[in-house]
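The values are calculated or read from the model by the stated rules, or taken from the named source; none is laboratory data. Quick caveat, the model's predicted, so the values are computed rather than measured. Here the Cβ positions follow ideal geometry from the backbone for every residue, glycine too, while neighbour counts run over all protein chains shown.
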Amino acid sequence: MQMLGSSVRASTNHRQHYFLENPSLLSSLRHISSSKSNGNANQHSFTVSYLVNKCGFSLKSALEASKRVRYETPQKPDSLLGFFKDHGFSENQTLKLTSKCPELLLYNPDKTLLPKLEFLYSKGVSTADVAKIISFYPWILRCSLENQLVPTFDFLKNWFPNDTIVQVFKSSPLVLQLNPVTVKYISQILRDNGVPDKNIVMLVRSHPKTLLMSPKKFNMVLCKVRKMGLDPCKTQFVVAILALTSMSRSTWEKKLDVYMRWGLSHEEILAAFAKSPWFMTLSEEKVVAVMDLFVNKLSWESSFIAKNPTLVSYSFEKRLTPRASVLQFLVSQGLIEKSFRSTTFFIASENKFLQQFINQRPESTQILKLYQEKLNLSR
């Protein structure tokens, strides 16, 4: 009984200690006790106080996190903070991972977390890289070592050389959350439809999120892309799949409507998408701005844009607007015909653009000044 009393007093002292570290928390948390039982309120208040004082959370984020976790005493979360520090995590990295996944402070470090870190170390991921990756994507530590991490690494061996698997993981930590069975099925679907392995590898490496969808939904998207007439052997086929999976059906319909308001037919839009799938991933605001620039300000036909859809993918402020200003000046001075239509004017590299359209002209100083002014506005 005496030991139990000592334990209770110790627990109470810990709570008092954390509140005294930041007295302003007391007034912010008073409403908790009025809406909860005393036991739950104290536990909730201590959790919030701990997250603010020890983990560096803002009060708002601590209150949000306290809906998902409860700490009765500091012993367990303290041991987790010490664990991350001992394994090369900086204070900032620990704050990042705990703010994204506060449940980690309830885990058993030696039984649950250490084996996963040791597994990553054994695969050639450095201590510094593990800390960097985990702080960016802490959900990896919630994955089962035996049922998720090990099978996924084994699966990646079939697609990537051993010396590049670590690079794939570092660039896209999400790959470790892929379901090997699902990815194997989707990969086979792509192969059966004529997609080269190199393009499947690109999909796994650069856009693993696409492979988290159900095989049924993925197959529907693939069939839609095939009906559009894209060649499975070309990279654009996979890019089209990525574009379609990045938006809902309603969003797709809205994009169609925006382009059709500029006089494009449904067929022209689909043809543009087949040439450059990112044509349909732009925000509605950018589509309107780009079409207004070419159609209203430059008097170009909207059909020309549809036939050359890569034009809309360039930065509106840093590329399209400054060069459009140069073109407007050249036309106004009679230096270029108003009927001039050229994708090169907008897609050429900076050096080639200056050499071909500005530097060789007698008016180059004036034109260059105009161009630089427009560029400066975009910075």
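In table form, for the structure just shown:
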{"item": "Which listed residue, of S122, S90, S99, S126, is among the small types (G, A, S) and more than 26 Å from the chain's Cα centre (by Cα)", "result": "S122"}
{"item": "Yes/no for L203 being hydrophobic (A, V, I, L, M, F, W, C), part of a helix (DSSP H, G or I), within 22 Å of P138 (Cβ to Cβ) and not assigned by TED's automatic domain parsing to the domain that holds S144", "result": "no"}
{"item": "Every residue from segment 306-326 that is without any contact (Cβ under 8 Å) to a residue 40 or more places away in the chain and closer than 20 Å to F357 by Cβ", "result": "N308, T310, L311, Y314, F316, R319, L320, A324"}
{"item": "Residues being touching a residue at least 40 places away in the same chain (Cβ under 8 Å), surrounded by 13 or more Cβ atoms within 10 Å (Cβ to Cβ) and part of a helix (DSSP H, G or I) - total across segment 121-150", "result": "11"}
{"item": "Sole exception among (1) touching a residue at least 24 places away in the same chain (Cβ under 8 Å); (2) part of a helix (DSSP H, G or I); (3) not hydroxyl-bearing (S, T, Y) for F160, by number", "result": "(2)"}
{"item": "Enumeration of residues in segment 84-106 that are surrounded by 20 or more Cβ atoms within 10 Å (Cβ to Cβ) and in a loop (DSSP other than H, G, I, E, B)", "result": "F89, C101"}
{"item": "Qualifying residue in segment 216-239 (condition: closer than 28 Å to S126 by Cα and either without any contact (Cβ under 8 Å) to a residue 60 or more places away in the chain or part of a helix (DSSP H, G or I) (or both))", "result": "no"}
{"item": "Number of the condition not met by S276 [criteria: (1) over 28 Å from D154 (Cα atoms); (2) out of contact with any Pro (no Cβ under 7 Å at 6 or more places or on another chain); (3) hydroxyl-bearing (S, T, Y); (4) modelled with pLDDT under 95]", "result": "(2)"}
{"item": "For T235: the one exception among (1) exposed (fewer than 13 other Cβ atoms within 10 Å of the Cβ); (2) closer than 17 Å to T210 by Cα", "result": "(1)"}
{"item": "Members of segment 113-134 found to be touching a helix residue (DSSP H, G or I) at 6+ places or on another chain (Cβ under 8 Å) and not aliphatic (A, V, I, L, M), listed by number", "result": "P115, K116, F119, Y121, K123, G124, T127, D129, K132"}
{"item": "Segments classed as helices (runs of 4 or more DSSP H), wholly inside segment 322-379, with at least 3 members that are farther than 22 Å from K297 by Cα", "result": "350-354"}
{"item": "Residues satisfying the stated conditions in segment 260-312, i.e. over 17 Å from F346 (Cβ atoms), of a type in the set (F, W, Y) and not in a helix (DSSP H, G or I)", "result": "W262"}
